[in-house]
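A short write-up of the structure that comes next.
The values are calculated or read from the model by the stated rules, or taken from the named source; none is laboratory data. Computed from a predicted model, the values in this text were never measured in an experiment. Glycine gets a Cβ as well: all are built from the backbone with ideal geometry, and neighbour counts include every protein chain shown.
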Amino acid sequence: MSKNYKNKEFAELLNVSVILTLQRWDNSEKLKAFRTPTDRRYYTYEQY
């Protein structure tokens, strides 16, 4: 089973900013986030 990462955790792994980088990459589809049923972004280890 793969670990899922919250925005902050994944940003720390990549050493980038959550708002300035991860959200921008998601919006531009450069690194598309998965979404929970409550519409929160999350990422998987495979995306790392």
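Out of the residues in the range 13-32 meeting the condition of being loosely packed, with under 10 Cβ neighbours inside 10 Å and among the polar types (S, T, N, Q), tell me which one is nearest to Glu46 (Cα to Cα).
Step by step, filter the range 13-32, then rank; the result is Asn15.
Inside the range 6-40, can you point out the residues that are modelled with pLDDT under 95 and part of a strand (DSSP E or B)?
Result: Lys6, single match.
Scan the range 18-48 for residues that are aromatic (Phe, Trp, Tyr) and touching a residue at least 24 places away in the same chain (Cβ under 8 Å) and jot them down.
Phe34, Tyr42, Tyr43, Tyr45, Tyr48
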